[in-house]
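The structure appears below as structure tokens.
The values are calculated or read from the model by the stated rules, or taken from the named source; none is laboratory data. Quantities reported herein were computed from a predicted structural model and do not represent experimental measurements. Cβ sites come from the backbone with ideal geometry, for glycine too, and all protein chains shown count toward neighbours. Areas reflect the complete protein model, heavy atoms only, side chains present, ligands, DNA and RNA absent. Shrake-Rupley method; radii C 1.70, N 1.55, O 1.52, S 1.80 Å.
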Amino acid sequence: MNATKSKLIFHLLAIITVAIWGTTFVSTKILIQHGLSPSEIFFYRFTLAYVCMWSISYKKLFANNIKDELLFLLAGLCGGTIYFITENTALGITLASNVSLIVCTSPILTTFLSYLFKRKEPFTRHLLYGSFMALIGVGFVVFNGSFILKINPLGDILSLTAALMWAFYCLILKQLDSRYSTLFITRKVFFYGILTILPVFLFRPLHWNHSLMLQPLVWGNLLFLGIVASMICFIAWNACVKELGAVQSTNYIYIIPLVTLLTSSIIIDEKITLVAIAGCALILCGVYLAERKTNPTFETKSQTTI
């Protein structure tokens with residue numbers, strides 16, 4: 001197989017991976033509609049992913065020092081527990097397409113936070129214009145609720161919170177990725193995500209509904225989220241990054257909201273309006289414009305636990 005055909009295969013693999021990630025918002029919303037709580041969905045998903053990760057990453061148990069172990073804990077809290085609880089809760093009260101679009105602003109938030117804390121990211125015109133364009137798009141998406149009369153603004157606020165948590169998660173990973181393998185980092189994030197969700201069950205106990213779990217639609221979506229979207233897609237994505245490079249692979253992330261918008265319309269009958277389409281276009285164009293002119297080292301590590 002020549003180099004061109006090999007590259008083409010990895011391009012197709014990247015597209016398939018992000019397309020699968022784009023459907024996870026709809027899959028999660030289906031589980032919520034069947035009675036699972038956001039915390040239960042997160043727990044089951046991360047537990048499945050963690051068990052699967054042990055099959056390929058099991059030799060190293062702990063970080064090199066206590067500081068790094070605490071960073072892994074913080075990564076699991078921000079990129080795991082808080083991120084998914086806010087995102088999953090938002091999916092219960094607003095449109096899946098809205099959540100996907102608003103969370104897509106996290107790369108811009110990552111850049112702003114990296115500049116705020118490290119002062120290493122320059123504020124270019126492209127960054128400012130792109131950020132402003134994306135924020136207008138977010139406004140369009142939120143404003144769309146006044147037309148379709150189904151949205152609680154709290155859902156959009158929670159989506160923005162999830163995007164912010166993902167941005168913090170990115171910055172934490174940047175302090176770890178040079179010292180640990182990607183598989184080890186991801187396994188540790190899954191572990192601490194599970195650990196930090198446990199206190200939530202003290203206030204809202206985890207209930208195992210046997211009849212609910214026997215429903216094919218329920219266990220099928222849980223297997224999809226835990227094994228396919230978290231485990232298999234993670235391995236595929238890392239192969240693409242290794243072969244195509246960080247910047248070229250990450251550009252495919254912008255497909256995710258488009259996939260969510262389409263699948264939410266087809267599978268759960270969410271209405272697509274012109275306002276939503278306009279907001280989608282502005283967010284995607286804004287994020288793309290801002291990220292194309294920023295430091296690429298902050299891009300790919302933000303995508304490991306989608």
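Brief remarks follow.
- Taking the criterion of being open to solvent by 70 Å² or more (accessible area, probe 1.4 Å) and closer than 21 Å to W237 by Cα, the only residue of region 16-40 that qualifies is I16.
- Members of region 209-221 found to be touching a helix residue (DSSP H, G or I) at 6+ places or on another chain (Cβ under 7 Å) and either open to solvent by 70 Å² or more (accessible area, probe 1.4 Å) or among the aliphatic types (A, V, I, L, M) (or both), listed by number: L212, M213, L217, V218, W219
- Every test in (1) assigned to a helix (DSSP H, G or I); (2) basic (K, R); (3) over 20 Å from L158 (Cβ atoms) is passed by K29 save one, and that test is (3).
- If you check Y169, Y192 for being aromatic (F, W, Y), within 30 Å of K7 (Cβ to Cβ), out of contact with any strand residue (DSSP E or B) (no Cβ under 7 Å at 6 or more places or on another chain) and at pLDDT 80 or above, only one passes: Y169.
One line per residue, one yes/no per condition, for (1) at pLDDT below 75; (2) buried (at least 16 other Cβ atoms within 10 Å of the Cβ):
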site	(1), (2)
M231	no, yes
L244	yes, yes
V247	yes, no
V287	yes, yes
T297	yes, no
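- Test: residue in region 83-102 that is outside any helix (DSSP H, G or I) and more than 17 Å from D156 (Cα to Cα): no
- Look at (1) open to solvent by 10 Å² or more (accessible area, probe 1.4 Å); (2) closer than 30 Å to I272 by Cα; (3) aromatic (F, W, Y) and you find that F43 fails only one, number (2).
- Residue ID - most open to solvent (accessible area, probe 1.4 Å), chosen from residues in region 171-208 that are part of a helix (DSSP H, G or I) and over 23 Å from C52 (Cα atoms): F203
- Some residue of region 72-80 being open to solvent by less than 10 Å² (accessible area, probe 1.4 Å), closer than 15 Å to S159 by Cα and not in a loop (DSSP other than H, G, I, E, B): yes
- Residue within region 57-65 that is open to solvent by 20 Å² or more (accessible area, probe 1.4 Å), of a type in the set (F, W, Y) and not in a loop (DSSP other than H, G, I, E, B) present: no
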